[in-house]
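Have a look at the structure below, then the notes.
Read-outs throughout are calculated quantities, based only on the coordinates presented, and are distinct from any laboratory measurement. What you see is a predicted model; the values in this text were computed from it and never measured. Don't worry about glycine lacking a Cβ; one is built from the backbone with ideal geometry, like all the others, and counts go over all protein chains shown.
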Amino acid sequence: MRFRGGPLLPLLTHLSQPSRRQMLRWSALGAAALSCRSRGKSAPPPTPAPADSHAAAALPAQGKLLAAPEWRALEAATARILPSDDGAGAREAGVIRFIDAELATPALVKLAPVVIQGARLLDQWARERFGRPLADCAAGEQDEVLDALAHGRIPVKAFPQRELFQLLHTLTIEGFVSDPVHGGNAGMIGWRAIGFAEPHLRTPGEPAHHHLPVKP
Amino acid sequence: MAPTGSFDAVVVGSGAGGGAVAYALTRAGFRVCVLEKGPHYTEADFFHDELLVCRRNFFVPSPLEEPHMILKPGDRAAQRSADTWIACCVGGGTVHMSGFFFRLHREDLRLRSLYGEVAGASVADWPLSFDQLEPFYDQVERVIGVSGDAAQNPAEPHKTPYPLAPILSHPAAALVEQGARKLGLHAFPTPRALLSADYAGRSACQYCGFCGSYGCEVGAKSSSLATFLALAARTGKLTLQPRAMVTAVGADRRGRARSVTYLDAQGALHEVRGRVIVLCCSAVETARLLLQSRLANASGQVGQNLLFASFASGWGRFPIPSPHWPPGAGGLPFLDRSIQDFYLLPQAGLPHPKAGTLLFMLPHVNPIFQLERLAHTPAGQPPLWGPTLKRRMREFFHDTRTIEWEAFGEFLPHPGCDVTLDPEVKDRFGLPVARIRLAVHPATGAASDFLAQKGRSVLEAAGAGALGSSSEEPIYTVLQAGTARMGSDPARSVTDPTGQAHQVKNLYVADGSGFPSAGGAPFTLTIMANALRVGAHIVARGKMGQL
């Protein structure tokens, strides 16, 4: 069953056929969409972005599919799913480039709306909690936002939070160690990180595919 | 040009069954048309891209366009899935199989006679003896090339040696052998449908490791594509039509199957006629086609008695460097040891005395697959992420080496596991899709647990530092059989012992659908052997003028 590879197919069936009503709700996610404000505790006042934030990195003009704010939010999310504290992570591998390219392919294009809405939701909740978009939050704050998404605890109605987290997780792993022709795994950095050496054998008609030397 | 007109035989499906029966018929001089739903990949189309080959509908249709609707016990509604599709391409599932090529044992064909009924199950004997099947095992192994060493497996008397010596194995195979010996068990080289040496004009395995889940770009995997279909094509009698989605088998007024209609890649409908029509679409899809065509189902048994292989899997980790892990062996991806000492266990106190086969192997090369497994958590929990996931990655890829076990066991047929037509959902062709009730008989689960415990103990005896289990439900859905059971009684089976439909004399089933039971090991070899047997019966009837 190995070739079925992971949870992406069920997600695709689940997420890519939202009802009209769901779509309307998702597209309403915006400034005022969070259905209930956190009670009792008000959001902390905005503080300056931490010095070690990657937020200052040059913004991409725009992806194939993702606008700059969505790009930044998703890049920050992937960098917490596979962090860089222990060797290369999602950021160095350019996982966000993979996600942007992959969501534009026919296989996954139907997932693009939910991912884009999800990026906006992450930013919205980060602002609510910490007064900044996700990419400008400190690592611990970003983890809190992602953890809320992973457990479906962001107070927003009718958005498939757990499924979106699962999808981002899957795309992050795919972008980290898939062939660099797909946009991620920059310089085969993901393959190097896990000591993966694709055995060198002819790949007919596929000169663009990559190889590492065989592991001794 | 899409074939039309008349053939001696029309074969629907080109996998383990379809390839073998096309080989048998064309070699006997039949003009055969094989209709295959999927594309015709060749060696030039196979490459090592996990994302494209394993995760983006290279082999199976998208469940958005052509779902199987799967209903599990406790689920309120059926879910769209691709899990029960067998690869849709010329060569079918044999193209991306790992090629673990076991025979059934003599007792497997007589489960009902030897061990009686099981409450809540529908166990039946095969309507033929092992002696009738055995020559066809010999023929498959010789024609396609299977590598192994029969002398090392005391549980299965194998009169004819394999044509090829076992595939080279990683030195860590010695750990499994030692572990097995400590427990009084016998680990033998897993028979593989891979060439350990050049054979019959094909070149030997290059040990690239991209075997299971991928097509072989050097033709060293003994798939239907590389063997039976290539040999059938050489007779000049084969017309092979890929991207041909069969919509129905048509019958005439006398109740004989007359023709097969199919949609080509452009969606145009064609008809081919055959003196004989042979269905080999996989257990799920053969049942679907029969139900759609309203044929051969006077017994109401079409779609019943759906079989899979029961499945469990797990792993042991060995620290490196350590005396427990042999150095060297770069570039040897196979470990390939199996144990069949638990194949039959009348004394073990199990609810049914058939257990199965333990296979030992190195982890699959696919990095995305491995990372996802490392992140896996119990159902309902989000996957692991962040530093926890990276710690697991370091441990798996850098600090330890892993040996895995997989347990394949007898899957008892029962009334809770079957194929029907979904009452609502249609595929992109507008045809009703298969609805599969997927459930395990308790005795199957018990045997699977028993094997799992044995798998763990062998690796523990081999010196593993940590042990774990990987699988959650004991069903291996890409090995499937049943649904058009062979039998002597037309009231309780779909075909006769030769694969001929009881009510439609020129309609045959030659994939795993005819199996009353499927044994305690992967059974692709048995599908091929049985298809050659069905083919031999068709040829014999043709010679006697009975077609």
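Do any GluC sites (Glu not before Pro) in segment B:49-143 lie in a DSSP loop with no more than 12 other beta carbon atoms within 10 Å, and if so, which?
B:E65, B:E117
Among B:T261, B:T160, which comes first, then next, by fewest other beta-carbon atoms within 10 Å?
B:T160, B:T261
In terms of the Cα gyration tensor, with a ≥ b ≥ c the square roots of its eigenvalues, is segment B:99-255 rounded because a/c is under 1.5, prolate because a/b exceeds b/c, or oblate?
Oblate, because a/c is 1.5 or more while a/b does not exceed b/c.
Please give me the summed charge of the neighbours of B:S299: other residues whose Cβ is under 10 Å from its Cβ, Lys and Arg +1, Asp and Glu -1.
Neighbourhood net charge equals +1.
In debye to the nearest 20, how big a dipole does chain B give about its Cα centre with +1 on each Lys and Arg Cβ and -1 on each Asp and Glu Cβ?
880
Got a sec? How would B:R435, B:R142 order by Cβ neighbour count within 10 Å, fewest to most?
In order of increasing Cβ crowding within 10 Å: B:R142, B:R435.
List residues of segment B:201-215, by number, whose backbone nitrogen lies under 20 Å from a label position 7 Å along Cα→C-beta of A:V181.
B:208-215
Would you please give the FRET efficiency between B:Y115 and A:D85, computed as 1/(1 + (r/R0)^6) with r the Cβ-Cβ distance and R0 = 60 Å, to the nearest 0.05?
0.55
Farthest toward the dipole's positive end in segment B:152-224, which of B:G212, B:A172, B:L183, given Cβ charges of +1 (Lys, Arg) and -1 (Asp, Glu) about the Cα centre?
B:L183
If one computes P(r) from the Cα atoms of the protein assembly as shown, what percent of pairs lie at distances over 43 Å?
Looking at the protein assembly as shown, the distances longer than 43 Å represent 29 percent of pairs.
If you place +1 on the Cβ of every Lys and Arg and -1 on the Cβ of every Asp and Glu, how big does the dipole about the Cα centre of the protein assembly as shown come out, in debye to the nearest 20?
1480
Residues with amide H under 5 Å of B:V11's amide H, sequence separation 5 or more or different chain, H placed in the peptide plane at 1.01 Å from N; which?
B:C33, B:V34, B:L35, B:V278
Note the direction-averaged projected area, equal to a quarter of the hull surface, for the Cα convex hull of segment B:6-543, in nm².
For the Cα atoms of segment B:6-543, the hull's average projected area reads 23.8 nm².
With Cβ to Cβ distances under 12 Å as the rule, what net charge do the other residues near B:V249 carry (K, R +1; D, E -1)?
+3
Between segment B:394-430 and segment B:17-84, what is the C-alpha centre distance in whole Å?
Segment B:394-430 and segment B:17-84 have Cα centres spaced 15 Å from each other.
So how do B:F429, A:F196 line up by other beta-carbon neighbours within 10 Å, fewest first?
By the 10 Å Cβ count, ascending: B:F429, A:F196.
Just need the Rg to Rh number for segment B:1-136, please, alpha carbons only, Kirkwood Rh.
Ratio of gyration radius to Kirkwood radius: 1.04.
Projecting each Cα onto the charge dipole of segment B:6-543 (Lys/Arg +1, Asp/Glu -1 at the beta carbon, about the Cα centre), which of B:Q381, B:S517, B:G236 comes out farthest on the positive side?
Final value for the positive-end residue is B:G236.
Can you tell me which lysines have their Cα less than 25 Å from the Cα of B:K159? Leave out same-chain residues fewer than eight positions away.
Cα-Cα hits under 25 Å: B:K221, B:K354.
In debye, nearest 20, what is the charge dipole magnitude of segment B:306-414 about its Cα centre with +1 on Lys and Arg Cβ and -1 on Asp and Glu Cβ, if you could check?
380
So what J values fall out for segment B:102-117 if you push phi through Karplus, 6.51 cos²θ - 1.76 cosθ + 1.60 with θ = phi - 60°, rounded to Hz, Gly and Pro as x?
Running phi through 6.51 cos²θ - 1.76 cosθ + 1.60 with θ = phi - 60° gives 9, 8, 5, 8, 3, 5, 4, 7, 9, 4, 5, 5, 7, 10, x, 6 Hz.
Using only Cα atoms, locate the centre of segment B:171-238 and the centre of segment A:80-129, then give the distance between them in Å, rounded to an integer.
For segment B:171-238 versus segment A:80-129, the Cα centre distance is 40 Å.
Which of B:V12, A:A73, A:F165 sits closest to the plus end of the dipole of the protein assembly as shown, meaning its Cα is farthest towards the positive end, when Lys and Arg get +1 and Asp and Glu get -1 on the C-beta?
My answer, from the dipole projection, is B:V12.
Please report the relative contact order for chain B, taking Cα pairs under 8 Å with a sequence separation of at least 6, and give it as a percent rounded to a whole number.
Relative CO of chain B lands at 24 percent.
Hand me the trypsin sites (Lys or Arg not before Pro) from segment B:1-77 located in a DSSP loop with no more than 16 other Cβ atoms within 10 Å, in residue order please.
B:R76
For chain B, what does -39500 (n - 2.57) per DSSP helix run (n ≥ 4), summed and divided by total residues, give at 222 nm, in deg cm²/dmol to the nearest 500?
-6500 deg cm²/dmol
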